[in-house]
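The values are calculated or read from the model by the stated rules, or taken from the named source; none is laboratory data. Nothing here was measured: the structure is a model prediction, and the numbers come from that model. All Cβ positions, glycine included, derive from the backbone under ideal geometry; neighbour counts span all protein chains shown. Side chains are part of the model used for accessible areas, which takes the heavy atoms of the whole protein and leaves out ligands, DNA and RNA. Shrake-Rupley method; radii C 1.70, N 1.55, O 1.52, S 1.80 Å.
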Amino acid sequence: MLPPSSRELTLRGVILGTLITVIFTAANVYLGLKIGLTFASSIPATIISMVVLRVLGNSSILENNLVQTQASAAGTLSCVFAALPSLIMIGYWHEFPYFQTLLLTLAGGMTGVIFTIPLRRALVSRSSLPYPEGKACAEILRASSPEGDAQNLRALIQGSTVSACIAFLTGGLKILSDGFSIAGSIGASAFRLSGSFSLALLGTGYLVGLAGGIAMLLGVFLAWGVLVPYLGHITHSAHPLAEASGLWLHKVRFIGAGVIAIAALWTLISLTKPVIHGIREALIGTGSDTQDPTDTDLPPRIVNGLAILLAITLAGLFTHFLWPVMAHDTALITLVLLGIGTCFIIGFLVASACGYMAGIIGSSSSPISGIGIIAIILITLMLSFLEHTGLITAAQRPIAIGFGLFILSAITASAAISNDNLQDLKTGQLVGATPWRQEVALLIGCVAGALIIPWVLQTLYQAYGFANAPLPHAGMNPDQVLAAPQPALMSAIATGIMNHTLDWKMLEIGAGIGIVLVLADLGLRKKSLALPPLAVGLGLYLPPEVSVTITVGAVLGHILRRHAQEKGTMIASGFIVGESIIGVVIAAIAGGTGNPDALALPIPAAIQPWLGTIAFLMVIVWFTKTLIKKETRPS
């Protein structure tokens, strides 16, 4: 048997990483479809891994690191939720075909892994980038103690249990309402303030931080306190309250998309020089020139062979997607080559940029949403040009729209994995891990995540349905659909560009606001303050109840974080995990019975908001007392 210090890539570690993968992947897909955001799974996965492996015995810091590497990669792969459901929304798919979804997710994720391999030395080993989340995981791995791990795991379980119970009472038994909404109008102008009682949103806000929360609240104010009322006034809305949601959905949301795109573009521009330098250094020094095991990547022949295999897989997927509508040889070959070239050329550039951004601001804060918006605009403009040349006919436009979104799904998976992988490789560097073993764990994580993601997507769609998409079953309650904000935006942009109906004016207004916000943020940072433009854009774009509750969590986190930072983070992560898992379980029950209200109790609708408010406030009080009690407890 290997001594504990040398145990790294083990069978039990792979199995444990796979089990953790199922939990966090399902949670992230659910959360992403509900609110458009996900949470970083590295730290919770690290804590769970350390406790379980310590119980099993003969564990090592390197084995723990490999487990969290695998689990965080699979959890990150869930970001395909931002694109794949758009194929349902445009009516091209009516369900998620398992093997197509699996292979596209797997191929996209694995390209993200192989893109980060040549970047590791330039952006990790020989770089001074801070990698905040990667360093945090390394500190937890190095400074952990059995007592501390047990306390952190208890905190995670406590948060998960409380959140699961509230989610079951809300979404299963229907005893509690899921939020509140206050609306009013002055003339033709409508105003609205909404909030959610979701503990997952509360936990997300705690993790986002005060600057991000306040910026999102500013976005809500701009949307529902300025833009929606103004648009209602200038359009002379006869029924302002009834028409307010439509104004936000079809106008203001695109302004938010413009802000998000500018925020992402500014991030890319500000990092252009170091990213180009890193890519140049990476391409020059791709091969391994050292015998040091802590600086050894997978051999180039394996990486190149895997790249060829992934290119063949993508070519097969693209051909299957286009056939037989695009059976013409020239059109089919051109589009397949366009898809592969986009995935590898644009994908590598996006991966490089995302990896570098993750090194500076952390993988959770990187503007992948904005990069997705830029990517779908570029892809669809290329397809529109091909239609202009006559290679694509007007009758083939629907499949061209779907094909663009299909390509985007692969790029999204690649960007998300690249964004996360360099953080994991930084953690490995700090604890003395072997890079090639981590890269194998990352590939295994992609396999594990890809196996579960199609099932989760299909289960959630069948149980709840998606906004802006046909309901999967007759008689479903349209008020209970998952908002799926990001795929809704991607499908709207792709359809609008190809059909020449996109309201560019709203995007241009958003771009103008984004430029102002970037300048404001630069000015505030000179005074050690911040106003993240991306967060303001999310506040404009996401439903108001999402941003308001995230802001509540951010303020609560700012107040409580000084009392028990690590424990608070674990409870907040538990809030997200518990609600998300119960959401998937309820979806499975609804899908199995064909009735989304199968568990509902006959509670009068009038008292549900009061019960929901009381339960939400009680959880906040419990959360606060739990963290403060830790600090004031006598030593």
Inset, instruction - Out of all DSSP beta bridges with both ends in the chain, state the antiparallel percent to the nearest 5. - result: 90
Inset, instruction - Note down the net charge around L531, summing +1 for each Lys or Arg and -1 for each Asp or Glu among other residues with Cβ under 14 Å from its Cβ. - result: +2
Inset, instruction - Return the calculated 222 nm mean residue ellipticity for the chain, to the nearest 500 deg cm²/dmol, obtained by summing -39500 (n - 2.57) across DSSP H runs with n ≥ 4 and dividing by the residue count. - result: -23000 deg cm²/dmol
Inset, instruction - Between beta-carbons, use under 14 Å as the cut-off and find the net charge around L471, counting Lys and Arg +1, Asp and Glu -1. - result: -2
Inset, instruction - Keeping the other protein chains in place, figure out the carbon and sulfur percent of the accessible area of the chain, with a 1.4 Å probe. - result: 68
Inset, instruction - Order the peptides 460-469, 218-227 from the highest to the lowest mean number of other Cβ atoms within 10 Å of their residues. - result: 460-469, 218-227
Legend entry - For the chain, accessible area per residue (1.4 Å probe, heavy atoms of protein chains only), Å²: 39
Legend entry - For the chain, size of Cβ-based charge dipole, Lys and Arg +1, Asp and Glu -1, in debye: 1140
Legend entry - the chain, relative contact order [Cα under 8 Å, separation at least 6], %: 34
Legend entry - Under Karplus coefficients 6.51, -1.76 and 1.60, residue-wise ³J(HN,Hα) of segment 24-34 in Hz, glycine/proline x: 6, 5, 4, 5, 5, 4, 4, 5, x, 6, 7
Inset, instruction - Net charge near P485: determine it from the other residues with C-beta under 13 Å of the C-beta of P485, scoring Lys and Arg +1 and Asp and Glu -1. - result: +1
Inset, instruction - Let me know the shape class of the chain, please: from the alpha-carbon gyration tensor, a ≥ b ≥ c as square roots of the eigenvalues, rounded when a/c is under 1.5, otherwise prolate if a/b is greater than b/c, or oblate. - result: rounded
